[in-house]
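These notes concern the structure reproduced below.
Rule-based calculations on the coordinates, nothing more; no lab input. Bear in mind the structure is a predicted one, so any value in this text is a computation, not a measurement. Neighbour counts run over all protein chains shown; Cβ positions are idealised from the backbone, glycine included.
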């Protein structure tokens, strides 16, 4: 009896699997290469293979724009840095451009197709932005003291102004010179010291030397004018009785009037225009009789000389805080801890040696 189910595979071609396509199935492999060779069949190496070409993903336009925008902005900042245009980096226009670049980069990061290029643009933007490149330029300028690259020619011209902004050059030229003011101050203090020594027997201690330093011109540069601070002269003997203080300062005022100065203005009271709380903070108490410091003042207004007379009294320092300050000053300058101290201060002074150059340079500033 014939098995009908088996006869379908051993009989004809009925029921057999279909023949493979020419060249074999895609990706099929042969295991018996040796048997194939013996049977005269082509080996697997010689068989025809089919490859599938991968299609390239199109470049995201948004991502490309973000990358180019970040790169161009970075190049712009580097050009400004090399050209020492640090100030220009902080201008409104460049900050607006940076915000636009940031917006484009963020948009690219949100887009799936533009995320890869957007990420690269983000890295560039984080490395080269106004904050980082501007900071590098500022540090570079500070290290080299070269700020010229950040200023226009007009600003450089203003910076070289020999006078002081807001101060009339006529007043500068008509007032006493630096040398005259210094001589006037020295003579004034010498006469006061002599008068007080004759009346009360005081001796004096000089501390420091005359200090002459340049004034700023109000346009970012130094003017040709100077400020002058005299040495201080302090009595070697303390003056702790308030009645004696007033007597001593009255004698000093006599000399002031003889030299053409005004009478004393008392600064250590609320009548000077400051609050009682500030008086107490500066002078130890709002009550004049309990103050550790008396400060009296006079000047030659409108001329530049200013005269200060301070009386320091440690017997009226219950907390000891003022003594600490005076000891620090004594350690620095050598002046006595207590006593009457005299000092001259003056500003906006022109030296006689600089007068001709000052007038010549003013010709370059007819509208100042």
So what is the relative contact order of segment 170-354, in percent, for Cα pairs below 8 Å that sit 6 or more residues apart?
-> 30
Note to self: C-alpha centroids of segment 188-265 and segment 291-363 sit apart, in Å, by 7
In nm, the gap between the two label points placed 7 Å beyond Cα toward Cβ at residue 155 and residue 171 is 2.8
Multiply the residue gap between residue 359 and residue 99 by 0.36 nm, knock off their C-alpha separation, and tell me the result in nm, one decimal place.
-> 88.6 nm
Computed FRET efficiency, Cβ-Cβ of residue 337 and residue 222, R0 51 Å: what is it to the nearest 0.05?
-> 0.90
Using 0.36 nm per residue of separation minus the Cα-Cα distance, give me the extension gain between residue 107 and residue 64 in nm, one decimal.
-> 14.3 nm
Is segment 179-228 rounded, prolate or oblate when judged by the Cα gyration tensor, a ≥ b ≥ c being the square roots of its eigenvalues, rounded requiring a/c under 1.5 and prolate requiring a/b larger than b/c?
-> prolate
Subtracting the Cα-Cα distance of residue 262 and residue 324 from 0.36 nm times their residue separation yields 18.9 nm
